[in-house]
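Peer 1: So that we are looking at the same thing, I have put the structure below in structure tokens.
The values are calculated or read from the model by the stated rules, or taken from the named source; none is laboratory data. Given the structure is predicted, the values throughout are model-derived calculations rather than measurements. A quick note on method: Cβ atoms are made from the backbone with ideal geometry, for glycine too, and the neighbour counts reach across all protein chains shown. The accessibility values were calculated without ligands, DNA or RNA, using every heavy atom of the protein model including side chains. Shrake-Rupley method; radii C 1.70, N 1.55, O 1.52, S 1.80 Å.
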Amino acid sequence: MPEISERIDASVVKIKSTIGSFEPTIGLILGSGLGNLAEEIISPVKIKYKEIGFPVSTVEGHAGQLVLGELQGKKVIAMQGRSHFYEGHSLEEITLPVRVMKMLGVKTVIITNAAGGVNKAFKPGDLMLLNDHINFSGHNPLRGKNLDEFGARFPDLTYCYDKELIKLAGVLAKAQNCPMHEGVYCFSSGPSYETPAEVNALRMLGVSAVGMSTVPEAIAAVHSGMKVLGISCITNMAAGVLDQKLDHAEVIETCARVNEKFIKLLKGIIGELS
Ligand code: HPA
């Protein structure tokens, strides 16, 4: 396997040979059930992940392709589906698409995910803006040789989730009557859900939602100087909050139920970005 920087360069060359001079400024990482937003992209160019060396997801409902084009008058690059650490990919691989976005000209990345509600005041179907995270996985995507062309060896994460973007998303959510929370997201490696004891511990640590994605991509994006907005769809209450077992079917079902309002909000946000 070639070095990651060579793989990034090779992906960029392949994508550029398909999109020509098109330069996306907004990157969208569309998690579970949100892939249909990419179907609304105007004059879309679709590129399968396997053609550009991106890790391919095995999870159902992830199309596994890039869609580039215009959305709300903005030039976007959307990941219709993403890979996860629990599938066996390294974090270096999972963040390869974020690095590629940077090289294509992206300035802002919007990362969405499905998450379990740790905060007992949340309900399945609620949305949450990430204002910080806890990396519970013990892994970091920037481990290994630093890619100096992207950023510093020891990047600062004090403002990982952009405050202005959080404010903008909050204002738009309110205008759309879309109930919205703000809180700390915890990245758990999965694929098993957390235990009730872990969820209780996370609550004590100040976590509001827990999921199996987003943090690696956010770290890589901030490392390379891009702004990040993270939004969770609370698909279920995390383990032990309710006296019942967790079921992936509930995650899918909630994503489907929330899809319309989530997409409306994302389109509103994209429309307001510079
Ligand atoms: N835990 C971790 N990841 C998740 C959950 C959860 O409860 N729900 C959806 N993704």
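Peer 1: Would you call residue 193 within 16 Å of the ligand (Cβ to nearest atom), outside any helix (DSSP H, G or I), touching a Ser or Thr at 6+ places or on another chain (Cβ under 8 Å) and aromatic (Phe, Trp, Tyr)?
Peer 2: no
Peer 1: Now a separate question. Quick check, is residue 150 in a loop (DSSP other than H, G, I, E, B) and more than 13 Å from the ligand (Cβ to nearest atom)?
Peer 2: Yes.
Peer 1: Here are 43, 17, 5: which of them is under 25 Å from residue 187 (Cβ atoms) and of a type in the set (Ser, Thr, Tyr)?
Peer 2: 5
Peer 1: Restricting the range 123-138 to residues that are charged (D, E, K, R) and not in a strand (DSSP E or B), which is least open to solvent (accessible area, probe 1.4 Å)?
Peer 2: Out of the qualifying residues, it is 126.
Peer 1: Picking from 98, 106, which residue would you name as being in a loop (DSSP other than H, G, I, E, B), among the β-branched types (Val, Ile, Thr), touching a residue at least 40 places away in the same chain (Cβ under 8 Å) and open to solvent by less than 10 Å² (accessible area, probe 1.4 Å)?
Peer 2: Just one listed residue meets the conditions, 106.
Peer 1: OK, next. Taking the criterion of being on the phi > 0 side of the Ramachandran plot and either surrounded by fewer than 16 Cβ atoms within 10 Å (Cβ to Cβ) or not acidic (Asp, Glu) (or both), would at least one residue in the range 152-172 satisfy it?
Peer 2: no
Peer 1: Restricting to the range 31-53, what's the tally of residues that are in a loop (DSSP other than H, G, I, E, B) and touching a Ser or Thr at 6+ places or on another chain (Cβ under 7 Å)?
Peer 2: 4
Peer 1: Follow-up. Quick check, is residue 192 out of contact with any Lys or Arg (no Cβ under 9 Å at 6 or more places or on another chain), under 27 Å from residue 258 (Cβ atoms), small (Gly, Ala, Ser) and open to solvent by 60 Å² or more (accessible area, probe 1.4 Å)?
Peer 2: Considered against the rule, which asks whether it is out of contact with any Lys or Arg (no Cβ under 9 Å at 6 or more places or on another chain), under 27 Å from residue 258 (Cβ atoms), small (Gly, Ala, Ser) and open to solvent by 60 Å² or more (accessible area, probe 1.4 Å), residue 192 comes out as yes.
Peer 1: Moving to a separate point now. Can you find even one residue in the range 173-185 that is within 12 Å of the ligand (Cβ to nearest atom) and buried (at least 19 other Cβ atoms within 10 Å of the Cβ)?
Peer 2: So far as the range 173-185 goes, yes, one or more of its residues are within 12 Å of the ligand (Cβ to nearest atom) and buried (at least 19 other Cβ atoms within 10 Å of the Cβ).
Peer 1: Restricting attention to the range 243-274, and to residues there that are away from the ligand (no atom under 11 Å from the Cβ) and without any contact (Cβ under 8 Å) to a residue 24 or more places away in the chain, which single residue is farthest from residue 197 (Cα to Cα)?
Peer 2: Checked the range 243-274; the qualifying residue farthest from residue 197 (Cα to Cα) is 274.
Peer 1: Something else: How many residues are open to solvent by 80 Å² or more (accessible area, probe 1.4 Å) and touching a residue at least 12 places away in the same chain (Cβ under 8 Å) if we restrict to the range 10-38?
Peer 2: Total meeting the criteria: 3.
Peer 1: I've got another one for you. Hey, does the range 72-80 have a residue that's surrounded by fewer than 19 Cβ atoms within 10 Å (Cβ to Cβ) and among the β-branched types (Val, Ile, Thr)?
Peer 2: For the range 72-80, residues surrounded by fewer than 19 Cβ atoms within 10 Å (Cβ to Cβ) and among the β-branched types (Val, Ile, Thr): absent.
Peer 1: Can you pull out the residues in the range 169-178 that are within 9 Å of residue 268 (Cβ to Cβ) and in a helix (DSSP H, G or I)?
Peer 2: 169, 172, 173, 175
Peer 1: Looking at (1) surrounded by 21 or more Cβ atoms within 10 Å (Cβ to Cβ); (2) within 14 Å of the ligand (Cβ to nearest atom); (3) acidic (Asp, Glu), which is the one condition that is false for residue 198?
Peer 2: Unmet condition: (1).
Peer 1: Quick one: in the range 201-216, which of the residues that are within 16 Å of the ligand (Cβ to nearest atom), in a helix (DSSP H, G or I) and of a type outside the set (D, E, K, R) is surrounded by the most Cβ atoms within 10 Å (Cβ to Cβ)?
Peer 2: 215
Peer 1: Considering only the range 56-75, I want to know if a residue exists there that is in a helix (DSSP H, G or I) and at pLDDT 95 or above.
Peer 2: No, the conditions are met nowhere in the range 56-75.
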